[in-house]
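Peer 1: My structure is below; once you've seen it, I'll send some questions.
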Amino acid sequence: MACDARDDRVVHELRDRKHRPSKPLAVMVRDVREARALGVVGDAEADAMSSRERPIVLVAKASGYTPSPSIAPGIPDIGIMLAYNPIQHLLLGLAGDAAGPAALVMTSANIGGEPILYSDDDLERVGDLADGVLTHNRPILMPCDDSVMRIVGSGRQLLRRSRGYAPLPVAAPFDLPPTLAVGADLKNTFCLAEGAYVWPSQHIGDMGDLAVLDSFAASESHFESITGVVPHQIACDEHPRYRSSSWARSRSGDRPVRVVGHHHAHVASVMGENGRDGSEPVLGIAFDGTGYGADGAVWGGNCCWRRTRVIAVSRIWDTYRCPGAMPEWNDRTEWRSPTSGMPGWTGKPTSRRWQPVRRESSRSYFTSWQPVSGVWTPPAWGGCSTQSPR
């Protein structure tokens with residue numbers, strides 16, 4: 001889906017149709033010169049934008065920023081990418097064409113939380129989203145979101161590894177048996193591994209929608225066909241209610257299912273990315289919102305001490321009860337965590353603004369600490385209610 005990035009009314013309309021009220025949108029421009037009119041683009045950012053992978057690159061908004069403020073509301077950065085296929089160059093205009101938009105909002109054709117719509121079978125649904133549809137006689141085999149990165153120091157930090165990078169493999173620090181790792185429920189990706197290589201998938205999405213589960217299954221089958229990996233075992237998150245874990249168990253057959261701690265998986269991923277095979281001591285600190293803890297509580301983060309492939313795990317804060325039946329709610333409604341540390345949770349104030357959940361209520365769960373508005377705070381510290389980029 002594309003629209004004029006400088007028309008605030010149209011950007012609002014796009015958000016309404018996609019049911020995407022505040023999550024930042026990306027902008028596409030013709031070249032680096034146009035990108036520098038929108039954001040602070042140095043040589044490193046320009047090189048990343050111009051690379052063959054053509055990722056979205058996060059940069060600070062320029063002082064003379066003119067696109068719609070609704071593109072990335074409340075945050076100082078904007079995601080910019082360069083046109084990377086012929087139709088996009090035509091949309092932005094070639095030399096001699098009549099003047100058109102210098103910048104286009106470019107986002108996937110889908111309603112928030114659902115998979116990308118990409119086939120002619122989806123035309124009826126697309127009609128509710130767009131005023132016009134441009135089709136082609138070359139079908140899309142496999143949908144793929146744009147990759148996202150930012151420059152950190154002098155290096156490139158991938159925030160979402162997808163188009164341009166998937167399904168290229170990543171070298172593993174040691175040989176692996178044929179394995180499928182199904183990932184978590186939010187911002188899911190899976191990977192296949194065999195021997196010295198790991199093939200991470202493109203960004204799949206949040207597994208709370210049946211259509212996303214179908215997309216996951218189709219992508220996993222596609223990956224097996226192009227890599228030739230036939231998994232002998234499946235790894236999944238140890239959270240007993242994750243949909244990805246349920247998918248793994250239901251399709252394992254006689255293959256063993258290995259459960260992995262959520263934050264342990266984050267630390268192991270960073271170890272693998274940096275060539276650490278566990279033969280040397282590693283201290284990993286993982287904070288990402290919610291992860292099933294060793295005691296059955298939901299941990300906001302923990303420290304992992306790993307030596308010779310034996311891991312010791314410790315959470316950072318004591319657990320407390322948090323309102324709500326599902327831990328994943330804290331990732332989407334950050335107010336729940338600081339509310340747990342307010343008088344309304346323990347002292348039951350009389351203010352009508354608060355409807356405290358009783359401690360013994362079954363619609364609560366044990367957790368440690370959570371991110372509030374992008375800042376890691378234990379519950380008693382509270383926090384503000386601004387939107388944080390994700």
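Peer 1: Please calculate how many Å² of accessible area the stretch 122-174 carries per residue, with a 1.4 Å probe and no DNA, RNA or ligand atoms counted.
Peer 2: 67
Peer 1: When all protein chains stay in place, what accessible area (Å², nearest 10, 1.4 Å probe) is found for residue 54?
Peer 2: Near enough 60 Å² of accessible area.
Peer 1: Let me ask something else about it. From the gyration tensor of the Cα coordinates in the stretch 110-243, what semi-axes in whole Å does the equivalent ellipsoid have, largest first, with each one equal to sqrt(5λ)? Mind dumping the intermediate values first?
Peer 2: On the way: eigenvalues 154, 68, 51 Å².
For the stretch 110-243, the ellipsoid semi-axes come out as 28, 18, 16 Å.
Peer 1: Under the definition of Cα pairs under 8 Å and six or more residues apart, what whole-number percent is the relative contact order of the stretch 123-177?
Peer 2: That works out to 22 percent.
Peer 1: A further question follows. Find the percent of Cα-Cα distances in the stretch 86-148 that exceed 17 Å, and round it to a whole number. Kindly include the intermediate steps, with their values, before the conclusion.
Peer 2: Numbers: 1032 of 1953 pairs.
Cα-Cα pairs of the stretch 86-148 separated by over 17 Å account for 53 percent.
Peer 1: Per residue, how much accessible surface does the stretch 181-310 expose to a 1.4 Å probe? Answer in Å², no decimals. Walk me through the numbers before you get to the answer.
Peer 2: Details: 6080 Å² over 130 residues.
Spelled out: the 1.4 Å probe surface of the stretch 181-310, per residue, equals 47 Å².
Peer 1: Can you tell me the relative contact order of the stretch 178-312? Whole percent, Cα pairs under 8 Å, sequence separation 6 or more.
Peer 2: Computed value for the stretch 178-312: 18 percent relative contact order.
Peer 1: Return P(r) of the stretch 132-185 (all Cα-Cα pairs; 10 Å bins starting at 0; whole %; ordered from short to long distances).
Peer 2: Taking every Cα pair in the stretch 132-185, the percentages come to 15, 34, 32, 16, 4, 0.
Peer 1: Another question, if that's okay. Can you pull the one-decimal nm distance between simple spin-label points at residue 130 and residue 258, each 7 Å off the Cα toward Cβ?
Peer 2: 4.3
Peer 1: Could you compute how fast the stretch 1-53 diffuses translationally, taking Rh as the Kirkwood radius over C-alpha pairs and applying Stokes-Einstein at 37 °C with viscosity 0.692 mPa s? Give it in µm² per second.
Peer 2: Estimated via Stokes-Einstein, D reaches 257 µm²/s.
Peer 1: List the relative contact order of the stretch 56-161 as a percent without decimals, with contacts defined as Cα pairs under 8 Å and 6+ residues apart.
Peer 2: Once normalised by length, the contact order is 25 percent.
Peer 1: Continuing with the same structure: Pulled fully out, how much extra length does the chain show between residue 210 and residue 251, if you take 0.36 nm times their separation in residues and subtract their Cα-Cα distance?
Peer 2: Computed gain between residue 210 and residue 251 is 13.1 nm.
Peer 1: Assign one of three labels to the stretch 55-127, namely rounded, prolate or oblate, based on the Cα gyration tensor with a ≥ b ≥ c the square roots of its eigenvalues; rounded applies when a/c is under 1.5, prolate when it is not and a/b is larger than b/c, and oblate otherwise.
Peer 2: Oblate.
Peer 1: Heavy-atom accessible area per residue, the stretch 1-67, 1.4 Å probe: how many Å²? All intermediate terms of the calculation are to be shown ahead of the outcome.
Peer 2: On the way: 3240 Å² over 67 residues.
On a per-residue basis, the stretch 1-67 sits at 48 Å².
Peer 1: Could you run the Karplus curve 6.51 cos²θ - 1.76 cosθ + 1.60 with θ = phi - 60° over the stretch 175-188 and give me ³J(HN,Hα) per residue in whole Hz, x for Gly and Pro?
Peer 2: Computed from phi, the couplings for the stretch 175-188 are 6, 10, x, x, 9, 10, 10, 8, x, 9, 8, 9, 6, 5 Hz.
Peer 1: Something else about it: Can I get the semi-axes of the stretch 18-146's equivalent ellipsoid? Compute them from the C-alpha gyration tensor as square roots of 5 times the eigenvalues, in angstrom, largest first.
Peer 2: Equivalent ellipsoid semi-axes, largest first: 25, 18, 15 Å.
The values are calculated or read from the model by the stated rules, or taken from the named source; none is laboratory data. Just so we're clear, the structure is a prediction, and the values are computed from it rather than from any experiment. Please note: Cβ atoms are built from the backbone with ideal geometry, for glycine as well, and neighbour counts cover all protein chains shown. Quick note on the areas: whole protein, heavy atoms, side chains included, nothing else; ligands and nucleic acids left out. Shrake-Rupley method; radii C 1.70, N 1.55, O 1.52, S 1.80 Å.
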